1. Among 86-94, 28-36, how do they line up by average Cβ neighbours within 10 Å per residue, starting with the highest?
2. Mind running the shape call on segment 72-117? Use the C-alpha gyration tensor, a ≥ b ≥ c as the square roots of the eigenvalues: rounded below 1.5 for a/c, prolate if a/b tops b/c, oblate otherwise.
3. Are any of the pairs Lys96/Lys161; Lys68/Lys142; Lys96/Lys149; Lys68/Lys88 more than 27 Å apart by Cα-Cα distance, and if so, which?
4. Rounded to the nearest 20 debye, what is the charge dipole size of segment 59-150 about its Cα centre when +1 sits on each Lys and Arg Cβ and -1 on each Asp and Glu Cβ?
5. Need the full-extension length gain, Asn66 to Trp160, defined as separation in residues times 0.36 nm minus the C-alpha distance. One decimal, nm.
6. May I ask for the equivalent-ellipsoid semi-axes of segment 50-126, computed as the square root of five times each C-alpha gyration tensor eigenvalue and listed largest first in whole Å?
7. What shape does segment 47-176 take by its C-alpha gyration tensor, where a ≥ b ≥ c are the square roots of the eigenvalues and a/c under 1.5 counts as rounded, a/b above b/c as prolate, and the rest as oblate?
8. When the C-alpha atoms of segment 98-160 are aligned to their principal axes, what extent does each axis show, in angstrom, from largest down?
Amino acid sequence: MDKNDCCNHQHPPGELPKHHENVDESHDHFLISSEPLSLDRACALVRDDAAGAISTFEGTTRSTFNGKGVVRLEYEAYEPMAKKEWLKITQEARSKYLLLSTVMHHRIGEVAVGQTSVIVAASSAHRADAINAVHFLIDSLKARLPIWKKELLDDGTDTWKQNEPVNLDAHRSTTN
C-alpha cells in the first residue's frame, strides 16, 4: 500500500486509532492544484476499514450568479499561509469530531462552469462526526483560507469575491 492510500490498520474493537486526535499528514490531506480535482481520489484518501461513514462536499462552478451568466472562475492562493491555516482548521475539527481521515483540496487558476473548485471529505466511525466535520471544514475553509475567487461574467465584467463570514460557533462538537 503506498503512502497516499488510507491506513486500513488494525486496532482493538471499539477504539479509534491514535491519529483521530491530532493532525497527521498521512491521514489528513491538503492540496492546492491547478489540475482538475477528483472526488474518487479524495474518497480513496479517507477510506478506512474502521470507517462507518465517509462524507464529502464538492463545490463546482455554477453557470449563473445573481441573474448574470458566469463564464468561469479564477482562483489565487497564498499557499504557505493556506497550509498553516489548514493545519489549524483540521486540528480544530479533530478536537470537535472523532475523525479517522480528512481531505481538503482546492483548485487555483481557471475553473470552467461545471468543473470542481473544492473538495472536502472526512471519514469516521459514525455518520454524525463525518457529516458535521465536513460542514465545519468547508465553512472554515471559505472563511479563513487565503484563497481568492474572481468571477468572470458573460457581460464582460469581473468581480473579486471576498471570503464569506461564517459563524463557526454554530458547529457543535460531538466529542463532549
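Rule-based calculations on the coordinates, nothing more; no lab input. In this text, all values refer to a predicted model and were calculated from it rather than measured experimentally. Quick reminder, even Gly has a Cβ in these numbers, built from the backbone with ideal geometry, and neighbours come from all protein chains shown.
1. Highest mean packing first, the order is 86-94, 28-36.
2. oblate
3. Numbers: Lys96/Lys161 29 Å; Lys68/Lys142 22 Å; Lys96/Lys149 29 Å; Lys68/Lys88 36 Å.
Among Lys96/Lys161; Lys68/Lys142; Lys96/Lys149; Lys68/Lys88, the Cα-Cα distance tops 27 Å for Lys96/Lys161; Lys96/Lys149; Lys68/Lys88.
4. So the magnitude is around 140 debye.
5. On the way: separation 94, 0.36 × 94 = 33.84 nm, distance 1.45 nm.
Between Asn66 and Trp160, full extension yields an extra 32.4 nm.
6. The three semi-axes for segment 50-126 are 28, 17, 9 Å.
7. On the way: a/c = 2.27, a/b = 1.96, b/c = 1.16.
Here segment 47-176 falls in the prolate category.
8. Computed over the Cα atoms, the extents are 48, 22, 16 Å.
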